[in-house]
Amino acid sequence: MKRVPRVLALLLATALMVSLSGCGSSDGKTHLTFQIWDVGQRDGMQAMCDAYTANVNPDVVIEVQVTSWSEYWTKLEAAAESNTLPDLFWMHTDQILYYSEFGMLADVTDLFPYEEHYSDISISNAQGTDGRMYGVPKDKDNICLIYNKEMFDAAGVAYPDDTWTWDDLEAASQAIYDATGNYGYMAYNDEQLGYHNFVYQNGGCILTEDKTKGGFDQEATREAVKYYVNLQSYDWCPDQAYFAETTPGTAFFSGKGAMFLEGSWNLLAQMTNYPEMVGKWDVAVLPAAPDPVSGDGRATISNGLTYATGAHGKNLDICLDVLKYFADEEAQRIQGESGAAIPAYEGLEETWISAFDQFDYKLDLENAIMSQFDYCVQYVNNSARPKWKSGVVDIMTSIYNGSVDIDTGLDQIQNLINTETAKKLADS
């Protein structure tokens, strides 16, 4: 097996051997650990684990452990280096190719008939470059437009709907700013929650279809990025210096802005965390490109996590049995009913929607979220992404703050993606 670069491995290995490795105990049962990074999903994940114990194997007890996003990957890499990976853990599309190519993830291709119950995007999210499955699809998502109804009412502007284009987004933003003094659409410098959606709406791409080159040399891509970046030139859109201090979500729920892009995975938490705002905001499909270079102008980026286990864990057989259960309808339904995320299992979307029944106001999830799965674009990824992602973010930041001319910056991004991808392909 290829070696993983050492990141705090020696410092963390001892602790991880105790905290992350499943083991037997005095009760005669096998105790497994399940590592995740989102405390909001802990209850849903624990419910799935408890159901496995109750319905499949009473001799297995699974404990869900939560760490922060950044700490998660530091610990996971160190654990991989010392062969002390958690028994079960989440895997992100940013990382699955990296970990699978180093032989650290168990092949779960034959555990379940995935093609019968999962979309092509969900299956692709769990595959390595060899086409094998290195995770069980967990969830799916897409990006929607959140808007403040009260600000629209104050400006006399109709709420966003599926007829909206970028032109309507601009017009509504200006009207809201003029009427209330608050920001309109808040164009945050982000990929999945920002300009990637606009690129694909306009018929462009971040990576070519074969994922061997960047798409930043294409007219449609450059046109969309320029459009998105230039939104901050309007008075109704904050610049990126503002977002360095305040996220779009914080600004929105404190009444400072009228619209921003959000992922479906965050909606339940926002309804819960801002009870005073319930009924004052809703969700809509993303506005379409008004004159796309190609296509119908509609796209939203869709991603999805996977459940994984290490290829060399001492509890591998048991962990594979747990993952087989996680892939089936019962476990996916439990996740959906918890409201944590939309199950990847096709046909269970309503279980997630039902989690919102606890609120007096019903978000328009059917139209705003479910309808968009018809034109979702898979989250952009190739095996070289860990090498080029941070560089692209840095260049985009330079474009936004004006230290790099936009055309020059886009050329730099294209060169960076092409160079790192070519190196990766040459090494494979």
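Here are a few things to note about the model shown:
- Qualifying residue in segment 230-250 (condition: among the charged types (D, E, K, R), assigned to a strand (DSSP E or B) and at pLDDT 95 or above): no
- Qualifying residue in segment 138-145 (condition: modelled with pLDDT of 95 or more and more than 16 Å from the chain's Cα centre (by Cα)): no
- Restricting segment 301-337 to residues that are part of a loop (DSSP other than H, G, I, E, B) and farther than 17 Å from residue 38 by Cβ, the residue that is most open to solvent (accessible area, probe 1.4 Å): 314
- Checked against (1) open to solvent by 50 Å² or more (accessible area, probe 1.4 Å); (2) of a type outside the set (S, T, N, Q); (3) touching a helix residue (DSSP H, G or I) at 6+ places or on another chain (Cβ under 8 Å), residue 89 meets all criteria but (1).
Every residue, every condition in (1) modelled with pLDDT of 95 or more; (2) polar (S, T, N, Q); (3) part of a helix (DSSP H, G or I), yes or no:
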position: 41; (1), (2), (3): no, yes, yes
position: 46; (1), (2), (3): yes, yes, yes
position: 53; (1), (2), (3): yes, yes, yes
position: 57; (1), (2), (3): yes, yes, no
position: 63; (1), (2), (3): yes, no, no
position: 72; (1), (2), (3): yes, no, yes
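- All positions within segment 34-85 that are closer than 16 Å to residue 96 by Cα, among the hydrophobic types (A, V, I, L, M, F, W, C) and within 20 Å of the chain's Cα centre (by Cα): 36, 37, 69, 73, 76
- Residues that are touching a residue at least 12 places away in the same chain (Cβ under 8 Å) and among the aliphatic types (A, V, I, L, M), drawn from segment 232-261: 241, 251, 258, 259, 261
- Residues of segment 251-281 that are open to solvent by less than 10 Å² (accessible area, probe 1.4 Å) and either touching a Lys or Arg at 6+ places or on another chain (Cβ under 9 Å) or assigned to a helix (DSSP H, G or I) (or both): 251, 252, 264, 267, 271, 281.
- In the set 126, 106, 158, 172, only one residue is surrounded by 15 or more Cβ atoms within 10 Å (Cβ to Cβ) and over 25 Å from the mean Cα position of the chain (by Cα); that residue is 172.
The values are calculated or read from the model by the stated rules, or taken from the named source; none is laboratory data. Please read these numbers as outputs of a predicted model, since none were measured by experiment. No Cβ is skipped: glycine too gets one built from the backbone with ideal geometry, and neighbour counts run over all protein chains shown. When the accessible area is computed, the model is the full protein with side chains, heavy atoms only, and any ligands, DNA or RNA have been set aside. Shrake-Rupley method; radii C 1.70, N 1.55, O 1.52, S 1.80 Å.
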